[in-house]
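One structure below.
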Amino acid sequence: MKTKQFKIGIAIAAIAFTSIVSSCKKKTEEKDTDTTSASDQSLASTSVNDLTSISDEVGRSNSVSSFKTSESSALLSSCASVSFDTLAAAKTVTVNFGTTNCLCNDGRYRRGILKLNFTGRYRDSLTVITVTPVNYFVNDNQVLGLKTIKNKGHNAANHLVYEINANISVIKAGGAGTVLWNSTRQREWLTGENTLSWLDDTYAITGNASGTSASGSSFTSVITSPLIRNMAYACRRHFTAGTLEHTPSGKATRYINYGSGACDDQATVTINGNVYNITLP
């Protein structure tokens, strides 16, 4: 009888041990390491910034010189042409990058058209700029939708502030899915407002966004420390500093950190205390 009970005890212990091992293995296998939603968030955010940068340059200098591979004239190059329906305060501008990819000075390939409508002058309070992409692609990612930029005047620090609303889709290259993005953000012009060149400009961006990643998962994101844009050639592709909280549906919040000022394409994503490096699109 004791031998039988001993064997039963061993069997029970074996089952318990197997259950523990299986449970631990399952927990290890289910460790949340997915940064793809955070990368999709960055892709959409970068696409919105891209539209702003082009409209900024057109509004300030009536050209897109910083997006050209050459500057044979003020308005025309092998990459882009700019045409105006009027030179009055209110105007519609067409920026045409052509029908084939052109390598621009910021290292991105562009093709297609951007339609820009200005209700007034770029620096005037309450001016609204509407940006509409038409068959527009950046690095073969198609950008669709609408973006508005409203001049809110100067704040208490005497910095111009713009309210930026975007409702866009990014169809990723190679059939990798579609990212949906809806955001409301404030952009504060920190430096460079009083110079003609925009290459010394820096901006601080706050606000929030929501959308759907390419996998179909919904998400929300909230900027927790202002995202900094430095418009110098070496820095302008990505945010150089700032943090945001990105929360995919049903998953833990991802804490994205763009760094402390370095001009690179690197960021970190922290998930459940674990830090992962990502390369920004």
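Read the figures in this text as sums done on the coordinates, not as results from a lab. As the structure is a computational prediction, the values presented were derived from the model and not from experiment. Note: ideal-geometry Cβ built from the backbone for every residue, glycine included; neighbour counts use all protein chains shown.
When Lys and Arg each count +1 and Asp and Glu each count -1, what net charge do the other residues less than 15 Å away from residue 118, Cβ to Cβ, add up to?
Residues close to residue 118 contribute a combined charge of +3.
Which order results if 236, 60 are arranged by neighbouring Cβ count within 10 Å, fewest first? Working shown, then result.
On the way: 236 21, 60 15.
Result, fewest neighbours first: 60, 236.
What do you get when you divide the Cα radius of gyration of segment 88-138 by 2.2 N^0.38 Å, with N the number of residues? Write out the running numbers ahead of the final one.
On the way: Rg = 13.1 Å, N = 51, 2.2 N^0.38 = 9.8 Å.
Ratio of Rg to 2.2 N^0.38 Å for segment 88-138: 1.33.
By how many nm would the segment from residue 277 to residue 199 grow when fully extended, if each residue of separation counts as 0.36 nm and the alpha-carbon distance is taken off?
Working: separation 78, 0.36 × 78 = 28.08 nm, distance 2.83 nm.
Additional length available on full extension: 25.3 nm.
Could you list 56, 34 so that the one with the fewest beta carbons within 10 Å of its beta carbon is first and the one with the most is last?
Details: 56 21, 34 18.
With the sparsest Cβ surroundings first, the list reads 34, 56.
Taking the Cβ of each residue in 206, 100 as the centre, tally the other Cβ atoms inside 10 Å and list the residues starting with the fewest.
100, 206
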